[in-house]
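Working notes, beginning with the structure itself.
The values are calculated or read from the model by the stated rules, or taken from the named source; none is laboratory data. Model, not experiment: these values are computed from the prediction. When we count neighbours, we look across all protein chains shown, and the Cβ atoms used for this are built from the backbone with ideal geometry, even at glycine.
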Amino acid sequence: MTITKKQFDILVTIAQSTGRLSQRQISELAGVSTGTVNKTIRELESYNLIKDGFITKKGLAALEPYRAKRAVFIAAGFGSRLVPITLNTPKPLVRVHGKRIIDTLIDSCLAVGIEEIYIVRGYLSEQFDQLLYKYPMIKFLENPLYNEANNISSALIAKDLLKNAYVLEADLLVYNPKIIRKYHYTSDVLAVWKDRTDDWCFEIDKDGYVKKEKVGGINCPQMVGIYYINSEDGKKLSKHLEETYNSPGGKEKYWETVPNQVYKGQYKISVRLINEGDVIEIDTFRELKDLDKAYDI
C-alpha cells in the first residue's frame with residue numbers, strides 16, 4: 001500500500017523505537033506537531049499499521065518498499081591527492097586511528113540491516129580481498145576502465161543493483177553512523193549546509209529537492225558522496241547511465257550528474273542535511289596527517 005510522507009515519518013519513528021512512545025515523544029522525534037501526530041496515529045490504527053502504540057506486521061510490510069536493501073561502494077579510483085600513502089594502498093583501505101576508512105561506512109550500513117554489499121574496485125583491486133575476513137558478505141565488481149573513465153564507469157557496472165540502494169563514495173570517514181538510515185520515502189543525497197563553498201553543491205526547491213547541481217555557491221547545501229536511490233529512480237538510472245556513458249564525452253562525467261544534470265527534472269532527489277563532522281572526506285595527505293598524527297613522521 002502507498003502511505004503519505006507524514007504517515008511514513010510517524011510509522012518509521014514507531015518502528016525504530018525500542019519501547020512505546022508518547023505522542024509528544026513522537027512529535028519531537030518525527031519533527032511534526034502533536035496535532036499531526038494525533039491525526040496520523042488514528043489513520044495508521046484504522047489501517048491496522050499500528051496497534052497499542054506499536055507497529056504491526058502489516059505496518060512493517062507497508063514500510064518494506066521504502067527499505068534500503070543494498071549498498072554499492074564506488075571504490076575503483078587511484079586517490080591521487082592522497083599520495084604517497086595511496087601508492088601502495090587504495091584510499092578506502094587507508095587506516096585512520098587504526099581503522100580502515102571504508103569500515104566506518106560498511107559498519108554503518110550493517111547497523112541498519114543492509115547486508116547486501118557490493119564494492120566496485122579497480123586500482124590495486126586485490127587488496128580489497130582483506131575485507132572478506134571481517135565482512136564475508138561482500139561481493140566485488142571489477143572495473144577495468146577505472147583509469148580511462150570517471151566514476152560513471154563504476155556506476156555503470158553496478159547499474160542493475162541501484163534500486164533501493166545506497167551508492168557511496170568509499171573514501172568517506174563516518175563519525176556519526178546514524179546518517180545511514182533503514183527507510184527512505186524518496187531518493188536522497190546527504191549534504192552539509194555551507195555559507196560558501198567551492199565544491200559540488202545544490203540549488204534546491206521549496207520542498208528540499210535538488211533543482212540544480214553545480215560547482216561552488218553561497219548559502220547552499222554542499223554534496224556529501226552518499227546517495228540513496230529508490231526503486232523507481234533505480235530503474236531509470238540503469239538506462240540513463242548507459243545512455244550517458246555511450247554519448248559524446250560521457251566517460252568523463254560523474255555518475256551523479258546523470259540524474260542531477262543530464263536528465264534533470266526526471267528524478268526527485270531530496271537533500272538530507274547532516275551536521276558538519278558527521279562524515280569527513282580526507283582530500284589530501286596533509287589533511288590525513290592533521291587527523292592522524294601517526295602519519296606525521
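Can you find a residue in region 276-283 that is within 26 Å of Asp205 (Cα to Cα), assigned to a helix (DSSP H, G or I) and either not acidic (Asp, Glu) or not assigned by TED's automatic domain parsing to the domain that holds Asp207 (or both)?
Checked region 276-283: no residue is within 26 Å of Asp205 (Cα to Cα), assigned to a helix (DSSP H, G or I) and either not acidic (Asp, Glu) or not assigned by TED's automatic domain parsing to the domain that holds Asp207 (or both).
Could you check, for region 92-105, whether at least one of its residues is among the hydroxyl-bearing types (Ser, Thr, Tyr), in contact with a His (Cβ under 7 Å, 6 or more places away or on another chain), assigned to a helix (DSSP H, G or I) and under 19 Å from Leu190 (Cβ atoms)?
Looking only at region 92-105, we keep the residues that are among the hydroxyl-bearing types (Ser, Thr, Tyr), and these are 104.
If we keep only those that are in contact with a His (Cβ under 7 Å, 6 or more places away or on another chain) too, we end up with none.
Checking region 92-105: not a single residue is among the hydroxyl-bearing types (Ser, Thr, Tyr), in contact with a His (Cβ under 7 Å, 6 or more places away or on another chain), assigned to a helix (DSSP H, G or I) and under 19 Å from Leu190 (Cβ atoms).
Tell me which of these Leu173 doesn't satisfy, since it passes every other one: (1) more than 28 Å from His97 (Cβ to Cβ); (2) modelled with pLDDT of 95 or more.
That leaves (1) as the condition not met.
In this structure, is Ile119 out of contact with any strand residue (DSSP E or B) (no Cβ under 6 Å at 6 or more places or on another chain), among the aliphatic types (A, V, I, L, M), touching a residue at least 40 places away in the same chain (Cβ under 8 Å) and buried (at least 18 other Cβ atoms within 10 Å of the Cβ)? Please lay out each step first, then the result.
Values: out of contact with any strand residue (DSSP E or B) (no Cβ under 6 Å at 6 or more places or on another chain): no; among the aliphatic types (A, V, I, L, M): yes; touching a residue at least 40 places away in the same chain (Cβ under 8 Å): yes; buried (at least 18 other Cβ atoms within 10 Å of the Cβ): yes.
No, not satisfied.
Could you identify the single residue in Gly216, Gly249, Gly265 that is within 23 Å of Leu172 (Cα to Cα) and either free of Cβ contacts under 8 Å to residues at least 12 places away in the same chain or assigned by TED's automatic domain parsing to the domain that holds Tyr185 (or both)?
Working: Gly249 fails: within 23 Å of Leu172 (Cα to Cα); Gly265 fails: within 23 Å of Leu172 (Cα to Cα).
Exactly one residue qualifies, and that residue is Gly216.
Could you tell me whether any residue of region 176-189 is assigned to a loop (DSSP other than H, G, I, E, B), in contact (Cβ under 8 Å) with a residue 24 or more places away in the chain and farther than 21 Å from Phe8 by Cβ?
Looking only at region 176-189, we keep the residues that are assigned to a loop (DSSP other than H, G, I, E, B), and these are 176, 180-182, 184-186.
Applying the additional criterion that residues be in contact (Cβ under 8 Å) with a residue 24 or more places away in the chain yields 176, 180-182, 184-186.
From what's left, farther than 21 Å from Phe8 by Cβ: 176.
Yes, some residue in region 176-189 is assigned to a loop (DSSP other than H, G, I, E, B), in contact (Cβ under 8 Å) with a residue 24 or more places away in the chain and farther than 21 Å from Phe8 by Cβ.
Which of the numbered conditions does Thr89 fail, given that it passes all the others? Conditions: (1) free of Cβ contacts under 8 Å to residues at least 40 places away in the same chain; (2) assigned to a helix (DSSP H, G or I); (3) within 30 Å of Asp292 (Cβ to Cβ).
All conditions pass for Thr89, except number (2).
Within region 211-221, is there a residue that is buried (at least 19 other Cβ atoms within 10 Å of the Cβ) and touching a Leu at 6+ places or on another chain (Cβ under 8 Å)?
Within region 211-221 (the criterion being buried (at least 19 other Cβ atoms within 10 Å of the Cβ) and touching a Leu at 6+ places or on another chain (Cβ under 8 Å)), the answer is yes, since at least one residue qualifies.
Of the numbered conditions (1) touching a residue at least 24 places away in the same chain (Cβ under 8 Å); (2) aromatic (Phe, Trp, Tyr); (3) part of a strand (DSSP E or B), Phe140 fails exactly one; give the number of that condition.
For Phe140, the failing item is (1).
Residue-wise test of (1) at positive phi; (2) without any contact (Cβ under 8 Å) to a residue 40 or more places away in the chain; (3) touching a His at 6+ places or on another chain (Cβ under 7 Å).
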position	(1), (2), (3)
Val37	no, yes, no
Thr40	no, yes, no
Gly53	yes, yes, no
Gly59	no, no, no
Pro65	no, no, no
Pro84	no, no, no
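Does at least one position in region 115-123 carry a residue that is farther than 19 Å from Asn151 by Cβ and not hydroxyl-bearing (Ser, Thr, Tyr)?
Let us first name the residues in region 115-123 that are farther than 19 Å from Asn151 by Cβ, namely 115-116.
Checking which are not hydroxyl-bearing (Ser, Thr, Tyr) leaves us with 115-116.
Yes: region 115-123 contains one or more residues that are farther than 19 Å from Asn151 by Cβ and not hydroxyl-bearing (Ser, Thr, Tyr).
Within region 187-208, does at least one residue satisfy the condition of being at pLDDT below 95 and among the basic types (Lys, Arg)?
Yes, region 187-208 has at least one match.
Output the residue which, of all residues in region 43-80 that are among the β-branched types (Val, Ile, Thr) and touching a Ser or Thr at 6+ places or on another chain (Cβ under 7 Å), is surrounded by the most Cβ atoms within 10 Å (Cβ to Cβ).
Ile74
Testing Lys235 on (1) buried (at least 19 other Cβ atoms within 10 Å of the Cβ); (2) at pLDDT 95 or above, one condition comes back false. Which one is that?
The one condition Lys235 does not meet is (1).
In the list Lys57, Lys39, Lys51, Lys69, which residue meets the criterion of being among the basic types (Lys, Arg) and closer than 14 Å to Tyr183 by Cβ?
Details: Lys57 fails: closer than 14 Å to Tyr183 by Cβ; Lys39 fails: closer than 14 Å to Tyr183 by Cβ; Lys51 fails: closer than 14 Å to Tyr183 by Cβ.
Exactly one residue qualifies, and that residue is Lys69.
Which residue, of Tyr254, Tyr183, Tyr267, Tyr245, is of a type in the set (Phe, Trp, Tyr) and within 14 Å of the chain's Cα centre (by Cα)?
Details: Tyr254 fails: within 14 Å of the chain's Cα centre (by Cα); Tyr267 fails: within 14 Å of the chain's Cα centre (by Cα); Tyr245 fails: within 14 Å of the chain's Cα centre (by Cα).
None of the other options fit; the residue is Tyr183.
Say whether the condition of being out of contact with any Lys or Arg (no Cβ under 9 Å at 6 or more places or on another chain) and more than 14 Å from Phe73 (Cβ to Cβ) is met by at least one residue in region 106-128.
yes
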